[in-house]
1. So how many Lys-Lys pairs in the chain land under 16 Å Cα to Cα, not counting same-chain pairs under 8 apart?
2. Counting other beta carbons within 10 Å of each Cβ, put Glu134, Glu42, Glu98 in order, fewest first.
3. Please give, to one decimal in nm, the separation of the simple spin-label points placed at Arg76 and Thr43, each 7 Å out from Cα toward the Cβ.
4. Which one, [x] 1.04; [y] 1.58; [z] 0.96, gives Cα Rg over 2.2 N^0.38 Å as derived from the coordinates shown?
5. Would you calculate, for the chain, the mean residue ellipticity at 222 nm contributed by helices, counting each DSSP H stretch of 4 or more residues as -39,500 (n - 2.57) and dividing by all residues, to the nearest 500?
6. Note down the relative contact order for region 25-128 as a percent, whole number, built from C-alpha pairs under 8 angstrom at least six residues apart.
7. Most fluctuating residue of Ser74, Ser66, Ser99 in a GNM of the chain with Cα springs under 10 Å: which is it?
8. With the crude spin-label approximation of a point 7 Å out along Cα→Cβ, what separation in nm comes out for Glu117 versus Glu20?
Amino acid sequence: MINLKTGDSKINRKDMINREKYMRLSWQFLEEARRQLDLYVETQDELALRQACEKGWGAVAQALMSVADRPVASHRDFGIIASELFRKTGERAILTGESAGEYLHSAGFYHGLPTAELVLNSLELIEEFLKALEKLP
């Protein structure tokens, strides 16, 4: 885990196992989001589009929990963690990925449905986000 205040990355074996577990789950969520988006494009089933949005958000949430040095209890916490990581690393994909996940969650769950193109774009940003997090010590 990375101490987001100091930037230290003292990782013990248990933390590494948890981080790997969360990241594996993140990639699975992203893969399922893509499957659901494909299903939506094929069938126009709005439930599939909603699922694509939520799975995309799930990929972001799990990934941020993998690197957080504290419990994550709110959407604001996810944004704070992403901002702190950006300040430490300068990696813009961390900000854009978190933003894309939040967009999918709010647009797909609360505000009606986004277009398939916007969902696809968000999923591509989330993929870059996951790759950026995997590079962290």
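No lab work stands behind these numbers, since they all come straight from the coordinates. Quick caveat, the model's predicted, so the values are computed rather than measured. Glycine gets a Cβ as well: all are built from the backbone with ideal geometry, and neighbour counts include every protein chain shown.
1. Details: Lys5/Lys88; Lys10/Lys88; Lys10/Lys135; Lys21/Lys131; Lys21/Lys135; Lys88/Lys135.
Lysine pairs, 8 or more places apart or on different chains, close enough: 6.
2. Numbers: Glu134 15, Glu42 9, Glu98 27.
Lowest to highest Cβ neighbour count: Glu42, Glu134, Glu98.
3. 3.9
4. Matching entry in [x] 1.04; [y] 1.58; [z] 0.96: [x].
5. Details: 5 runs with 101 residues, N = 137.
Calculated at 222 nm, the ellipticity per residue is -25500 deg cm²/dmol.
6. Numbers: 132 pairs, mean separation 34.6, N = 104.
The value is 33 percent.
7. Ser74
8. 4.2
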